[in-house]
């Protein structure tokens, strides 16, 4: 049933308008276009937990958005069908802009110049790639695992000084906490749990961790697993941490390779905007709206997404208004790729609710992606067209089509 969803469960483009013409279509629905699942790393224990939260919060559209993998697509779709949540099929990559790195220009990673997070929206389902792109993607995944395997070994050397009986096994971490790809956060989680097993008393556990921190005092809340895992990751696994191992350059694709893979997979290239931090600062790449607009346009990117929970509401609104007026597709999400299990409903920093105008802009973006998936599944061109260029002049048509597709799914199918 999963593979037939977009083609057989939903009507043909010629029938869609007739079947949904009388359906009332709200100005927007609650949606979240960017969540990670346990197939990469996630706050959710499983996809069922995400669906239960979606039901509680009346989220009607969810977009799976795992790093490098689409292994979760089938399960995600099955759970969406069970729970009447419209699915969007997305993916995320980490790339490198070498010239910006040389110049010290930060893109959308606040700590690493030249590092760029980049997503693909509305990929074809089932997922497919040409053989050369399969090989390239597999080689990047292998390099990331080599780095994390080396970090686990380095971490074990540090731990051995404090307690030789405490050993982390990379394959066990992969088997027990990850699906296919191990990430830093899986290692941090494994260390937290292993420390709890060896040191049931909090004082002893704290002393052990401070030893492997190199004597640095622990300030984490030991009653809050997410707090402790974040501290472990920061002190040991992030750049500058005691167990950190520098990535091989082969771990990163350039932006051309990333967009090539996204287009080959049928998706829409999309730039995830970091925007302002708690001090109101932006990266060099993003601090000027006009320069960012030109840079993205030169890259052939006509879609952006934001994680509003890290942004000031007023600044977010100003930014979104600017890009919406320039015909960019805009979507929102929450990521959920940290240990903290926060609500699925999208809010601005400090859990400030988004206004109707912001929700409407994001809903229109969601509808474009839904239409793109739907039309491609029926053998038609999607929003990026055959040449990969965004069909901005037809955005209104895509919005209407996507709204009809979603409402048919929610009300008739």
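Has the range 367-374 got any residue that is surrounded by fewer than 21 Cβ atoms within 10 Å (Cβ to Cβ) and either under 21 Å from residue 126 (Cα atoms) or in contact with a helix residue (DSSP H, G or I) (Cβ under 9 Å, 6 or more places away or on another chain) (or both)? No, every residue in the range 367-374 fails to be surrounded by fewer than 21 Cβ atoms within 10 Å (Cβ to Cβ) and either under 21 Å from residue 126 (Cα atoms) or in contact with a helix residue (DSSP H, G or I) (Cβ under 9 Å, 6 or more places away or on another chain) (or both).
Note on the range 31-67: residues that are in contact with a strand residue (DSSP E or B) (Cβ under 8 Å, 6 or more places away or on another chain) and more than 27 Å from residue 227 (Cβ to Cβ) total 5. Listed by position, the strands (runs of 3 or more DSSP E) enclosed by the range 62-177 include none that has at least 2 residues that are outside the structural domain of residue 194 (by TED's automatic domain parsing) and free of Cβ contacts under 8 Å to residues at least 40 places away in the same chain. Can you confirm whether the range 111-123 contains a residue that is closer than 21 Å to residue 242 by Cβ, at pLDDT below 95 and out of contact with any strand residue (DSSP E or B) (no Cβ under 7 Å at 6 or more places or on another chain)? Yes, the range 111-123 contains at least one residue that is closer than 21 Å to residue 242 by Cβ, at pLDDT below 95 and out of contact with any strand residue (DSSP E or B) (no Cβ under 7 Å at 6 or more places or on another chain). Of all residues in the range 239-275, those that are buried (at least 19 other Cβ atoms within 10 Å of the Cβ) and either without any contact (Cβ under 8 Å) to a residue 40 or more places away in the chain or on the phi > 0 side of the Ramachandran plot (or both) total 3. Checking each residue in the range 196-231 for being in contact (Cβ under 8 Å) with a residue 12 or more places away in the chain, part of a helix (DSSP H, G or I) and over 17 Å from residue 163 (Cα atoms) picks out 225, 226, 228, 229, 230, 231.
Screening the range 245-348 for helices (runs of 4 or more DSSP H) wholly inside it with 1 or more residues that are over 20 Å from residue 114 (Cα atoms) returns the ranges 255-264, 313-325. Please work out if residue 105 is modelled with pLDDT of 95 or more, within 30 Å of residue 281 (Cβ to Cβ) and either more than 18 Å from the chain's Cα centre (by Cα) or surrounded by fewer than 20 Cβ atoms within 10 Å (Cβ to Cβ) (or both). So residue 105 fits the description; yes. Are any of the residues in the range 46-55 farther than 19 Å from residue 307 by Cα, more than 13 Å from the chain's Cα centre (by Cα) and not in a helix (DSSP H, G or I)? Yes, that holds for at least one residue.
The values are calculated or read from the model by the stated rules, or taken from the named source; none is laboratory data. The model shown is predicted, which means the values in this text are computed figures rather than measured ones. Quick reminder, even Gly has a Cβ in these numbers, built from the backbone with ideal geometry, and neighbours come from all protein chains shown.
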